[in-house]
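Read through the structure below, which is laid out as structure tokens, and then see the notes.
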Amino acid sequence: MFAINAFDDTIAAISTPLGEGGIGIVRLSGRDAIRIAGRIFRSPKNRKLTGTESHRIIYGFIIDPSTNATIDEVLVSIMHAPNTYTREDIVEINCHGGLLPLRKALELVLNNGARLAEPGEFTRRAFLSGRIDLSQAEAVIDIIKAKTEASRKIAIEQLSGSLSEKITSLRDSITKLCAHIEAYIDFPEDDIEPASKDLISDGVRSVRHELSLLSESFEEGRFFREGIKVAIVGKPNVGKSSLLNALLKRDRAIVTEMPGTTRDVLEEYLNIKGLPVRVMDTAGIRETHEMAEREGVLRSLRAIEDADIVIGVIDGSSHLSDEDLNVLSRLRDYKIIIALNKSDLSPAEDIIKKLEAYSANIVMLSAKTGLGLDILKERIVDVAIKHPSSSTLSVSHETAAGILVTNVRHKTAIDNAIKALDRTSDVLVSRRPLEIVAIELRDALDRLGEIVGAVTTEDILNTVFSEFCIGK
């Protein structure tokens, strides 16, 4: 890790969304942050930023030193290292929340010695200075992008270090196994005792079991982090757009009596029991020679391939048509819920029995009256999550390991560690040299180290922080 104030330059960026608002913030971090801000700040009481106590706010004005013109009336926050987000000196200039004041203040800061921050560079400095580990840094972006309360709680848990503590504990267990093995390697004249070998094997199995629980939690955790992708599909004029509008409780999609009204994929987010659900309304699937509609059908088929769950909408007031069967046949390899729409009308008697050949998940509903919508939402959660709670999903809905893994990078590292432990067990059973056991254990140790940043590369850091916005 880098020492406090190890960076030679001072970075700056606008840290609030651009646009009109009550307030906007230009943030600086680095050993010259206070001095640079002081060059463009004037206090009516002639107070100086240099020498100001930490975590104090000073009222004044941003001044263009070259013209002595007043740019904005501001409040400036001073925070001294190491008790800051980056463990460096930080200055936050609180301007009026307009585009011009913020850009002008940033321009003056850059002209007076700061450098424009790269995406995620403030958080990257927090990681490099040792204030947070890599998994906690990734939790920051998860908090920013959280779309439901449950998603936010899971991200907060990770930011507080729950995953880090678990991974660190498992790495400690592997380290003890390594020490045990290497003690025998240092004294090759001594064969490893059967009891010690059993102890090492048991330790490997125990760590592997914990890692397996973490790995298995990923599919569920991913849904909380990224959302469930649900595609609404069917032949034209069965009520797909009406279903989207009913789920959203507003008119998002155009609904007409004319088949083929929807030509593109419409996307909206729903919150179902704490799960962010990205609902995609698609064009009706049928054979057509009309160019625009044909492109809409192709996009519908791509949406099906990209979806976690597919809702196949069928007109429950009429008999199944060849177009219905064509759509359903395309969905056999996907997680499918059949929505029997218009169930408030007289349904065809034999339709449900025929639909059971395509899916056991059949929901009778009416997009017009709202009948069955709550059941459909429940079924989406049931299909996505293995063991949903009866009321509201929350962070208390965890794996036996106590953590939900939400990040594909973490999942990959955990799976690679499991493979290394499996190879370790194979080597112990085959009685090959203990040096190979040590190598495999160290590999497992390094793979887990990638999660918290104990083992990292520039490529890993660039991948992680490329998701951040500038200013965070």
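The values are calculated or read from the model by the stated rules, or taken from the named source; none is laboratory data. These numbers come from a predicted model, not from an experiment. No Cβ is skipped: glycine too gets one built from the backbone with ideal geometry, and neighbour counts run over all protein chains shown. All accessible areas refer to the heavy atoms of the entire protein, side chains included, with ligands and DNA or RNA removed. Shrake-Rupley method; radii C 1.70, N 1.55, O 1.52, S 1.80 Å.
So, counting K/R as plus one and D/E as minus one, what does the shell of residues with Cβ under 10 Å around Pro101 add up to? It would help to have the intermediate numbers written out before the result.
On the way: positive: Arg103, Lys104; negative: Asp72, Glu73.
The answer is 0.
Antiparallel DSSP bridges in the chain: what percent, to the nearest 5?
Numbers: 34 of 54 bridges.
Approximately 65 percent, going by the DSSP bridge assignments.
If we count every other residue with Cβ under 9 angstrom of Asn341's Cβ, Lys/Arg +1 and Asp/Glu -1, where does the sum land? It would help to have the intermediate numbers written out before the result.
On the way: positive: Lys240, Lys342, Lys368; negative: Asp315.
Overall, the nearby charge balance is +2.
When the dipole is taken about the Cα centre of region 265-369, and only Lys, Arg (+1) and Asp, Glu (-1) are charged at their Cβ, what size is it in debye, to the nearest 20?
Computed about the Cα centre, the dipole is about 320 debye.
Hey, if you put +1 on the Cβ of every Lys and Arg and -1 on every Asp and Glu Cβ in the chain, which of Ser317, Ile144, Thr67 ends up farthest toward the positive end of that dipole?
Farthest towards the positive end: Thr67.
Place +1 on the Cβ of every Lys and Arg and -1 on the Cβ of every Asp and Glu in the chain, take the dipole about the Cα centre, and give the residue among Leu243, Asn83, Val452 whose Cα lies farthest towards its positive end.
Going by the charge dipole, the pick is Asn83.
Work out the charge dipole of region 80-175 with +1 on the Cβ of Lys and Arg and -1 on the Cβ of Asp and Glu about the Cα centre, then indicate which of Leu116, Gly97, Ser162 is farthest towards its positive end.
Final value for the positive-end residue is Gly97.
How long are the semi-axes of the equivalent ellipsoid of region 197-242, defined as square roots of 5 times the Cα gyration tensor eigenvalues? Whole Å, largest first. Please list the in-between numbers first.
Values: eigenvalues 429, 20, 4 Å².
They are 46, 10, 4 Å, listed largest first.
Pop out the carbon and sulfur fraction of the accessible area of the chain as a percent, whole number, probe 1.4 Å.
Accessible surface attributable to carbon and sulfur in the chain totals 51 percent.
Dipole size in debye (nearest 20) for region 20-94 around its Cα centre, Lys and Arg Cβ +1, Asp and Glu Cβ -1?
On the way: 10 positive and 9 negative charges, 70 e Å.
Roughly 340 debye for region 20-94.
For region 1-74, how big is the tail of P(r) above 21 Å, as a whole percent of Cα pairs?
Values: 960 of 2701 pairs.
Tail fraction, whole percent: 36.
Whole number please: convex hull volume per residue of the Cα set in region 271-364, in Å³?
Numbers: hull volume 11.0 nm³, N = 94.
So the per-residue hull volume is 117 Å³.
Give me the net charge for the shell around Lys147: Cβ to Cβ below 14 angstrom, other residues only, Lys and Arg +1, Asp and Glu -1.
Details: positive: Lys145, Arg152, Lys153, Arg222, Arg225, Lys229, Lys273, Arg278; negative: Asp142, Glu149, Glu226, Glu267, Glu268.
Neighbourhood net charge equals +3.
For region 269-310 and region 355-388, compute the distance between their C-alpha centroids and round to whole Å.
Each part's Cα centre sits 17 Å from the other's.
Sequence-distant or interchain residues sharing an amide H contact under 5 Å with Ile228, placed H: which?
Result for Ile228 returns Val277, Arg278.
Work out, step by step, the length gained on full extension between Glu305 and Lys48: first 0.36 nm times the residue separation, then minus their alpha carbon distance; give nm to one decimal.
Details: separation 257, 0.36 × 257 = 92.52 nm, distance 6.06 nm.
Gain in length upon complete extension: 86.5 nm.
Please give every one of the lysines within straight-line cross-link reach of Lys249, meaning a C-alpha to C-alpha distance under 30 Å, and leave out same-chain neighbours fewer than 8 residues apart.
Lys145, Lys147, Lys153, Lys229, Lys235, Lys240, Lys273, Lys335, Lys342, Lys368, Lys377, Lys386
Evaluated at 10 °C with a viscosity of 1.306 mPa s, what Stokes-Einstein diffusion coefficient in µm²/s does the chain have when Rh comes from the Kirkwood expression over alpha-carbon pairs? If you can, show how the numbers build up before the last one.
Numbers: Rh = 26.5 Å.
My calculation gives 60 µm²/s for D.
Helix-only mean residue ellipticity at 222 nm, the chain, DSSP H runs n ≥ 4 weighted -39,500 (n - 2.57), per residue, nearest 500. What is it?
Working: 16 runs with 208 residues, N = 472.
Theoretical 222 nm ellipticity from helices: -14000 deg cm²/dmol.
Specify the longest stretch of the chain that does not include any exposed loop site, a site being one of the GluC sites (Glu not before Pro) with a non-H, G, I, E, B DSSP assignment and at most 12 other Cβ atoms within 10 Å.
Numbers: sites that count: Glu20, Glu53, Glu189, Glu257, Glu287, Glu290, Glu349, Glu356.
The longest such stretch corresponds to 54-188.
For region 60-143, how big is the tail of P(r) above 15 Å, as a whole percent of Cα pairs? Spell out each step's value before the answer.
Numbers: 2299 of 3486 pairs.
Pairs farther apart than 15 Å: 66 percent.
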